[in-house]
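The values are calculated or read from the model by the stated rules, or taken from the named source; none is laboratory data. All figures in this text were calculated on a predicted structure; none of them were measured in a lab. Here the Cβ positions follow ideal geometry from the backbone for every residue, glycine too, while neighbour counts run over all protein chains shown. Surface areas here come from the heavy atoms of the whole protein model, side chains and all, with no ligands, DNA or RNA. Shrake-Rupley method; radii C 1.70, N 1.55, O 1.52, S 1.80 Å.
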Amino acid sequence: MQRLKCLPFLSLLLLAATAAHADTVVVTADHMVDVIAGRVVDHPQITITDGRISDVASQGAPVAAGARRIDLPGMTLLPGLIDMHVHLTSDPLFSGYRPLEFTDNFWTVVGVANAKRTVEAGFTTVRNVGSSNYDDVALKQAIEQGYIPGPRIVPATYAIGATGGHCDDTEFPPSIKTPQTAVADGPEALRAMVRKLRKYGAEVIKFCGTGGVLSKTDTVGAQQYDLTEMKALVDEAHMLGLRVAVHAHGTSGIKDAIRAGVDTIEHASLGDEEAFALAKQHGTYFSMDVYNDDYILAEGEKNGLFKESLEKERMVGRKQRETFRAATKAGVKMIFGTDAGVYPHGTNAKQFVTMVTWGMTPMQAIQAATVTAAEALGRPGDVGAIAVGRFGDLIAVAGDPLANVAALQSVAVVIKGGAVVKQSGQSAAK
């Protein structure tokens, strides 16, 4: 009995010892963007304990004994940014047929370099919506085990595509056999493919519902899965607890994908008023890569891009920006997705200026890459805001990004889970 009476006291001692050894970091700055409230807070003091935010207060509030301090005078704090559409194992310098010059595992190494560039640019979370060889899962595992620096990755593994569609290999003659790893046709084959990708690490499902720009032979707006096929895929993914992104430029494909229940529309270039109304009705998010048209048209030919792709980009690029402006005005939920890999990784933040030019306020653009993106991921308790309980992922920029959103292209400090990844232009990652 005496031993049992001692147990509560021993438990208190254990808790006290644990708290004493908790890793605590206190971050201060001149300002902080509160993306949930949509306002700027002066003189913030953020406490991060064991990788998560444990307190958001004003400077001068009590600080735990032994806490490490990161004081950033003259800086504005924001949540770590989220890019909802990247391809970490792609490099636009090798477009068209040029990737065939390299061995398959070359692209894994490319992904290691791009992961570092991405997190040092202030993007502490990304959704990787298509890579070969389950490379995005490998990168995620290597980052989580501390082997390489990089963002938090939500991997899709392969993007699912129809035979002859945007996510199939269509640039070769019949005599050349290419892997058909994620090509599937018909409802049952699509259900089986979703199960397979989840088995090997997919945390989101991506499929190609219409044609695309970088594929050689299809029409950019042509629908490639019908509503029945889309619904089977989406239902299977949702049953397994996975969200679904669809590559969809074309009008009919966008609408059928929304009717099928997809969570995010990628590109959405030819969306119309009916598509906007459907998106609002179903709670669907649009992820529109409105910056990369500039890069593709300026550098694509030099990088070896197919002439057919350049022609499609010329056709669809400005129209996508007009659709972005109309969708924003209509009140569609918009998230930040760049298609990095089609243009250079680490320059993701260039898109903020384009988003503001085409109809968003700076706060809306920042929210698209933080709190709204976290909601679309289904992870609002983990990322997307400087709030108690979320990961201690912060960035700092000089000046006021709400007055000049281009400031986000020059992130001075990156903190991920309470650890400094980059400070004053120097990498601090191991």
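Restricting region 380-415 to residues that are of a type in the set (Asp, Glu) and open to solvent by 20 Å² or more (accessible area, probe 1.4 Å), which is farthest from the chain's Cα centre (by Cα)?
Residues of region 380-415 that are of a type in the set (Asp, Glu), as a first pass: 382, 393, 400.
Retained after the next criterion (residues that are open to solvent by 20 Å² or more (accessible area, probe 1.4 Å)): 382, 400.
Working: ASP382: 14, ASP400: 24 Å.
By that ranking, first place goes to ASP400.
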- [ ] Select, from ALA279, ALA245, ALA232, the only residue that is touching a strand residue (DSSP E or B) at 6+ places or on another chain (Cβ under 9 Å) and not in a strand (DSSP E or B).
- [x] ALA279
TODO: Considering (1) modelled with pLDDT of 95 or more; (2) open to solvent by 30 Å² or more (accessible area, probe 1.4 Å), say which one MET315 fails and leave the rest.
DONE: (1)
Task: Failed condition for GLY418, given (1) open to solvent by less than 10 Å² (accessible area, probe 1.4 Å); (2) out of contact with any strand residue (DSSP E or B) (no Cβ under 8 Å at 6 or more places or on another chain) - done: (2)
Open item on the list: For region 13-36: of the residues being open to solvent by 60 Å² or more (accessible area, probe 1.4 Å) and in a loop (DSSP other than H, G, I, E, B), which is modelled with the lowest pLDDT?
Closed with: HIS21
TODO: Would you mention how many residues in region 114-149 are of a type outside the set (A, V, I, L, M), part of a helix (DSSP H, G or I), open to solvent by 10 Å² or more (accessible area, probe 1.4 Å) and in contact with a strand residue (DSSP E or B) (Cβ under 7 Å, 6 or more places away or on another chain)?
DONE: 2
Open item on the list: Give all pairs with beta carbons closer than 6 Å in which a residue from region 230-241 that is farther than 13 Å from VAL204 by Cβ meets a residue that is buried (at least 21 other Cβ atoms within 10 Å of the Cβ) and among the acidic types (Asp, Glu); count only pairs at least 6 apart in sequence or on separate chains.
Closed with: MET230/ASP256
TODO: Look through region 69-113, keep the residues that are farther than 22 Å from HIS166 by Cβ and of a type in the set (S, T, N, Q), and return whichever of them is least open to solvent (accessible area, probe 1.4 Å).
DONE: THR76
